[in-house]
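Notes for the one structure printed next.
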Amino acid sequence: MNFKSITLALMLAMTSSAAMAIPYSPDYLQADQTDSETGSMQFIPKGNFESWSSQSIKESGIIGGNTVTLMHIGSPWGSSNVWAKVSGVTKTNVSVYRDTHPGHGHCAKLYTHIVEAKVLGIINIKVLAAGSIFLGSTLQPITDTKNPMAKLNAGLRFTKRPKAIVFDYKTHIVKGNRIRQNGITRGATVAGQDMADCILYLQKRWEDAKGNIYAKRVGTMVHRFSSSTNWRNNQSFAIHYGDIRRQKFYNSAWGLTSGALTKYARNSKGRMVPVREVGWAAANEVPTHIVLQFDSSHGGAYVGTVGNTLWVDNVRLAY
């Protein structure tokens, strides 16, 4: 075992903050609530965060040999609570917790923190990890260093056109510049305020004869939380359809995914392939997939502010 193997295991255990969804039947979302203001709503299964399971993972002795408990929400939700085993080194990340929401039972708490691993008590590796929950799963354990995004199976089958996503949330946003801490180089300052976020994409996908997956963006909702708040219940965020690039609210955060942001999904041949977003669908188009994630930091892998926290509860779609 060497320093590189240990660092890669730690880094790969951090890479699921951008993870997405796995395929399910469109009937997986069931209508069960009506509200006088938002109309008919469908709870996303386990979106009240009352159902959790636990998994115990023993980390490698070379980095301390601790036994760590990973809490999982369960299908169709995944999270950044993951583990990697690379070159015989096992390492975990815990950045999502079950917490309480007064009057509503449990909720999910997403937390940005520094994960440390002391190698033989001498070399101290530090990696910044954001908390993330998402519709989907990570292929675990992560066993190699090739293309971490290909370990994330993206895309819940979905053929409806909700007008908004509704959920309860609380935030603790730490003011000031962010940091980048990737476990390899010294930590560096990154200009700009860290923010928690919620991202929802509706896509129309298709697969060619070679198994390549393409998509057009049907609907989009991106919201970033820039200040601390107490619990705000029943908050509604509109989903915008079609090509939104000329809308006043549009910025690059709402754009099509490409490059390092490209998501992956399992094709009909059983292979993980990139989902290439190639354009904007017509405003009246019907989607084939939904992508949804919540993050305690918005800046991508290894970038954020320690202490940034997002609490989420009662996630549903409004029609």
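The values are calculated or read from the model by the stated rules, or taken from the named source; none is laboratory data. It should be emphasised that the depicted structure is a prediction, and the values quoted were computed from it without experimental measurement. Please note: Cβ atoms are built from the backbone with ideal geometry, for glycine as well, and neighbour counts cover all protein chains shown. Keep in mind that these areas ignore ligands, DNA and RNA; they rest on the heavy atoms of the full protein, side chains included. Shrake-Rupley method; radii C 1.70, N 1.55, O 1.52, S 1.80 Å.
The residues packed around Val278, meaning those with a beta-carbon under 10 Å from its beta-carbon, carry a net charge of +2 if Lys and Arg are +1 and Asp and Glu are -1. Among the listed pairs Lys85/Lys175; Lys175/Lys263; Lys163/Lys269; Lys91/Lys263; Lys91/Lys204, those whose Cα-Cα separation exceeds 32 Å are Lys85/Lys175; Lys163/Lys269; Lys91/Lys204. For the chain, a Gaussian network of Cα nodes joined below 10 Å ranks Ala260, Ala301, Ala196 by mean-square fluctuation, and the top entry is Ala260.
Per residue, the chain exposes 43 Å² of solvent-accessible protein surface, assessed with a 1.4 angstrom probe and all protein chains in place. Charge tally around Thr92: other residues with Cβ under 11 Å, Lys/Arg +1 each, Asp/Glu -1 each, net +2.
In degrees from 0 to 90, rounded to the nearest 10, what is the angle of the helix 3-12 Cα long axis to the longest principal axis of the chain? Taking Cα atoms only, the helix is inclined about 20 degrees. Projected over every direction and averaged, the convex hull enclosing the alpha-carbon atoms of the stretch 146-260 yields 10.4 nm². Put Thr220, Thr288, Thr100 in order of accessible area, highest first, and with a 1.4 Å probe you get Thr100, Thr288, Thr220. Within the shell of other residues whose beta carbon sits under 10 angstrom from the beta carbon of Ala117, the net charge comes to +1, with Lys and Arg scored +1 and Asp and Glu -1. Using a cutoff of 8 angstrom between alpha carbon atoms and counting only pairs six or more residues apart, the relative contact order for the chain works out to 25 percent. On the chain, 49 percent of the accessible area sits on carbon and sulfur atoms, based on a 1.4 Å probe.
Approximating the spin labels as points 7 Å out from Cα along Cα→Cβ, the Ile114-to-Val174 distance works out to 0.9 nm. Computed over the Cα atoms of the chain, pair by distinct pair, the Kirkwood hydrodynamic radius stands at 20.0 angstrom. Between the residues Gly192, Tyr169, Leu156, the greatest Cα displacement towards the positive end of the dipole of the stretch 155-194, with unit charges on the Cβ of Lys, Arg, Asp and Glu, is found for Leu156. Applying both filters, DSSP loop and at most 11 other Cβ atoms within 10 Å, to the trypsin sites (Lys or Arg not before Pro) of the stretch 94-168 gives Lys146.
Placing unit charges on the Cβ atoms of the charged side chains and taking the dipole of the chain about its Cα centre, the candidate lying farthest along the positive direction among Phe134, Ile122, Met221 is Ile122.
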